[in-house]
4 protein chains.
Amino acid sequence: MAASMEEKFQTLQEIVKAARQNLAPGPWDYLVGGAETETTLKRNRQALDSIAFRPRVLRDVSKVDCTGSLLARRIRIPVMLAPIGSIESFDVGGGAAAAKASAEFGVPQMLSSVCNPGLEGTAAAADNFRIFQLYVRGDDAWVDDHVKRARDHGYAAFCLTVDTAVYSRRERDLAKRFVKPWRVRAGGFDYQAALSWDHVKRFKDTHDIPLILKGIATTEDAALACDHGVDVIYVSNHGGRQCARSRSWRTRSASPSASWAPAA
Amino acid sequence: MAASMEEKFQTLQEIVKAARQNLAPGPWDYLVGGAETETTLKRNRQALDSIAFRPRVLRDVSKVDCTGSLLARRIRIPVMLAPIGSIESFDVGGGAAAAKASAEFGVPQMLSSVCNPGLEGTAAAADNFRIFQLYVRGDDAWVDDHVKRARDHGYAAFCLTVDTAVYSRRERDLAKRFVKPWRVRAGGFDYQAALSWDHVKRFKDTHDIPLILKGIATTEDAALACDHGVDVIYVSNHGGRQCARSRSWRTRSASPSASWAPAA
Amino acid sequence: MAASMEEKFQTLQEIVKAARQNLAPGPWDYLVGGAETETTLKRNRQALDSIAFRPRVLRDVSKVDCTGSLLARRIRIPVMLAPIGSIESFDVGGGAAAAKASAEFGVPQMLSSVCNPGLEGTAAAADNFRIFQLYVRGDDAWVDDHVKRARDHGYAAFCLTVDTAVYSRRERDLAKRFVKPWRVRAGGFDYQAALSWDHVKRFKDTHDIPLILKGIATTEDAALACDHGVDVIYVSNHGGRQCARSRSWRTRSASPSASWAPAA
Amino acid sequence: MAASMEEKFQTLQEIVKAARQNLAPGPWDYLVGGAETETTLKRNRQALDSIAFRPRVLRDVSKVDCTGSLLARRIRIPVMLAPIGSIESFDVGGGAAAAKASAEFGVPQMLSSVCNPGLEGTAAAADNFRIFQLYVRGDDAWVDDHVKRARDHGYAAFCLTVDTAVYSRRERDLAKRFVKPWRVRAGGFDYQAALSWDHVKRFKDTHDIPLILKGIATTEDAALACDHGVDVIYVSNHGGRQCARSRSWRTRSASPSASWAPAA
């Protein structure tokens, strides 16, 4: 359906153009770039471009229901605001701005643990469907503390990031000698590298908040997640921003295995 | 066979160049553009480019019969003038000009219901092999009225458009803020969206004029059309102008099914 | 083996560059162009580019025999000078110049019937291994006369062109309004279009000179040629210069049939 | 892991840029170019670009062992400095400079027999893990002399080059009339062309130093090498610098044969 001609933005390209003008070169490169020489980024694009619909006809589509559901909650369309670390680099409101947009439009928000204004500040910004995504940079007690705070502040589920054992190397940034300020401040990477299925088991034994694993990239790991009682699998290669030379998500999901459908 | 050097146009490129000079930017973009980001348009081009002949030799081709037939009528070559909505944007004569060309050359014309000078005006323009193609924007009585008028004015068959349940979004037009005048005037889209196989059944039960469905894109729907007694299936993705990200017509027709050959 | 640095031409590109400077635009386009929009020409190039060797090692290649044989005669390398119509457009010596090169280097020449100085003039130019290639533009007596003249002038085999039933349409020439002078003079195309396997049968029943068919493009026709006792099959799509949208010769020869190996 | 921002070179592109500025055009082309029209070179690049990882998650990678082993010796990472003929064209220290780097970093060096300062000079430069690679340009006694000298100077293994029976033709050099000085001086090519499996057998019967064959390109030859008791197979197409139109190493190693795993 064509958008109204009164709206400022008519195509995605126009939004991209405006975003480019609003951002300094460093954050812009971080936003659009990927790991290493950006091979996975290109593969993701090609995978999206290769999708084709098989249009069926004469089905009476005068009344179409576009709503979806996640964790048994109705959502306006089957789309979620993905977690973005350092989102305050792009909009001063950070996660709180995304929370307000999430509430206004009617889709869930997944909040990254590495952005402002943080777990409590974001929860206070809007009464929305929200999920908390943690980069594990502390011990079990540190994780449990985050789970408790997430529950206390109305997060509907808890997500562990599992595809960032080592922080990515980005040639686009290196070539321009851009040092991400948020990387300089960060610590606790040893915990992230040591993350294992034992931690998943302990989480499920300890907490009853729905658990999501973000960054599953093989059918084998998807099956393991199911075996561990994980509630939702977030299939992703981190947008090509973490592991270079990964296969695209589409090649992966075409793997001949049906056993890892999300248990949402 | 090389065309005579006296003719003004020697190659398709020269015709395209002249057409470009004759048209205002809006209609030109509408003519050459497609839906969304024009992925299907590109796929159609690639599908055409991938066709290869298997030339057989020593077959005595001194007398070659290039005629074809449609609905049991002989035609000069197996080609039909496809229906073009708003054809008057490209030539002031609209459908009537196409009717005259159809008569002069000896191939059938399919007339779109959304162009000038309309069903009666076009029929009056030439004594040609003509078919009427309807965009269903009214109730059963409205359809039946068109069928009656088509029969009364010598149309040899009646075609229902089945691939336009929702009007396409075209970024080429949006980016230039081009508003198609003919869209502003149009209405009755609810009927088009609600079109179903029940309408096809009712049509066949009510009328005995040959029925064509335009926009069949899957073998499943082709089989359904045969089951409903449809006389001709018009395999098409609307030239990539309606459904973006569709497969090309060639990928489709390569599907392993032989059951949907046109019943012409 | 690197060529001597004293030679004028070190790479094929340098020969191409010199040829371009020596020729008028019309003959140049005719030389490098192909039929219609040159799709087959591009496919041929891609087919050549896709060839890959499987290098075996430790085989003692200090003495390598590069000679080949054609029609039981030894040739320096398994290469033949292909027939070129109107070759006098590129070198004033025409077929005679090619004959001299053929004799000097030690590979066979196939002479096209549509070039200067003709069957007798070329035979007089050099004592080489030569084959005559006929475009059939006359009746049986006309063909028999050519066979007799070819035998009388030392041609080792006779070749019928079977892939030129209709002369090609070339957009490169049309776009530049280039009229090939040799086309204006030519006639007898009806005989070429009517050529059939009956003519092949009559040829084999009448003559005992080895028969070559040039332009076989399918395994089916190769099998037919074998059935008719044809001595050599010349697999070719005429360099993409006759039939547009043909498959490349490589796709063809990859067809799953072993029955049509040349009977040379 | 991101490199320290203090280091001069942050990406491979920056190293390439500096190397380009340091070298004269002739050596540069020799360094980056390949055989003939460089088809194999491009295929190698495409083969590398097509590699994709299947990232597994939650595996506790806080302690990762990146060391490897070659000929039962521990090496820092599973990488070896490949032999480079005429390496002194790129760094005046030649093989000795590479030897020092090999010792400092902790990976093996394979020294080409056709570079400075030669077998003894290089061995004297550093106490590293070194292997000698011979281009066979002499008789058996000449080979045996090299083996003895290699043993006497601490080379851990001996490598025969088997993919250079004929020296490559390089259009990049020819087009610029660049004559490689080291080629002018070289001789003994007859021995190289005559190399056969008999020489491999004689080597294994005569010497007990581990034998490596460099340039195996087919599973058949890999199997033959195993049959002859070769200790290590060096799969390579010489970087596309010797045999043009070869398949890429990756296509080769994907061949369905498991029998030729290196016997290291």
Item to check | Solvent accessible area, Å² - A:LEU41, 1.4 Å probe, full protein context | outcome: 50 Å²
Checklist entry - What aspartates and glutamates sit close enough to C:LYS100 to cross-link, taking a C-alpha to C-alpha distance under 18 Å and skipping anything fewer than 8 places away on the same chain? => result C:GLU88, C:ASP91, C:GLU120, C:ASP127
Checklist outcome for this item: Sequence order, segment C:180-186: Karplus ³J(HN,Hα) from phi using 6.51 cos²θ - 1.76 cosθ + 1.60, θ = phi - 60°, Hz rounded, Gly and Pro as x, gives 5, x, 5, 6, 4, 7, 6
Checklist entry - Just how much of D:LYS176 is accessible, in Å², when a 1.4 Å probe is used and the result is rounded to the nearest 10? => result 120 Å²
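Take A:TYR167, A:TYR30 and sort them by solvent-accessible surface of the protein heavy atoms, 1.4 Å probe, largest at the top.
Values: A:TYR167 55, A:TYR30 25 Å².
From most accessible down to least: A:TYR167, A:TYR30.
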Checklist entry - Given N residues in segment D:1-150, what is Rg(Cα) / (2.2 N^0.38 Å)? => result 1.26
Checklist outcome for this item: Computed ³J(HN,Hα) along segment D:159-173: with the Karplus parameters 6.51/-1.76/1.60, θ = phi - 60°, integer Hz and x for glycine or proline, the list is 10, 9, 7, 10, 10, 10, 4, 10, 6, 5, 9, 10, 5, 4, 6
Item to check | Using alpha carbons only: equivalent-ellipsoid semi-axes of the protein assembly as shown, gyration tensor based, whole Å | outcome: 55, 55, 25
Item to check | For D:LYS148, solvent-accessible area (1.4 Å; no DNA, RNA or ligand), Å² | outcome: 130 Å²
Checklist outcome for this item: Which of D:PRO108, D:PRO181, D:PRO210 fluctuates most in a GNM of chain D (C-alpha springs under 10 Å)? That residue is D:PRO181
Checklist outcome for this item: One can check that the equivalent ellipsoid of segment D:60-115, built from the alpha-carbon gyration tensor with semi-axes equal to the square roots of five times its eigenvalues, has lengths in Å, largest first, of 27, 11, 8
Checklist entry - Using only Cα atoms, what is the ratio of the radius of gyration of segment D:135-227 to 2.2 N^0.38 Å? => result 1.25
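What Kirkwood radius, in Å to one decimal, follows from the Cα pairs of segment B:12-84? Walk me through the numbers before you get to the answer.
On the way: mean 1/r = 0.0606 Å⁻¹.
Hydrodynamic radius (Kirkwood, Cα only) of segment B:12-84 equals 16.5 Å.
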Checklist entry - Non-local amide H neighbours of B:CYS159 (under 5 Å, H modeled in plane, Pro and chain starts lacking H): which ones? => result B:PHE132, B:GLN133, B:LEU134, B:ILE212
Item to check | Residues with amide H under 5 Å from that of C:SER246, placed H, sequence gap 5 or more | outcome: B:PHE53, C:THR40
Checklist entry - Across all directions of projection, what mean area in square nanometres is found for the Cα convex hull of chain D? => result 16.1 nm²
Checklist entry - Using 13 Å as the cut-off for backbone N distance, which residues of segment A:198-237 belong to the label zone defined by a point 7 Å from the Cα of A:ASP140 along Cα→Cβ? => result A:198-207
Checklist entry - Can you give me the Cα centroid spacing of segment C:191-228 and segment A:1-44 in angstrom? => result 63 Å
Checklist outcome for this item: With a Förster distance of 51 angstrom and the Cβ-Cβ distance between A:ASN116 and C:ARG59, calculated FRET efficiency to the nearest 0.05 equals 0.15
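Normalising by the residue count of segment C:1-90, find the relative contact order in percent from Cα pairs under 8 Å and 6+ residues apart.
Details: 25 pairs, mean separation 14.9, N = 90.
Averaging sequence separation for qualifying contacts and normalising by length gives 17 percent for segment C:1-90.
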Checklist entry - What relative contact order, as a whole-number percentage, does chain C give when Cα pairs under 8 Å and 6 or more residues apart are counted? => result 21 percent
Item to check | Carbon/sulfur fraction of accessible area - the protein assembly as shown, other protein chains in place, 1.4 Å, % | outcome: 56 percent
Checklist outcome for this item: Most packed first (mean Cβ within 10 Å per residue), the peptides A:6-15, A:109-118 order as A:109-118, A:6-15
Checklist entry - Across the Cα atoms of segment A:89-180, what radius of gyration and what greatest pairwise Cα-Cα distance (Dmax) are found, in Å? => result 14.9, 44
Next on the checklist: Give me the 1.4 Å probe accessible area per residue for the protein assembly as shown, excluding ligands and nucleic acids, in Å².
Outcome noted: 49 Å²
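The values are calculated or read from the model by the stated rules, or taken from the named source; none is laboratory data. This structure is a prediction, so every number in the text was calculated from the model and none was measured. All Cβ positions, glycine included, derive from the backbone under ideal geometry; neighbour counts span all protein chains shown. Surface accessibility is based on the protein's heavy atoms, side chains included, excluding ligands, DNA and RNA. Shrake-Rupley method; radii C 1.70, N 1.55, O 1.52, S 1.80 Å.
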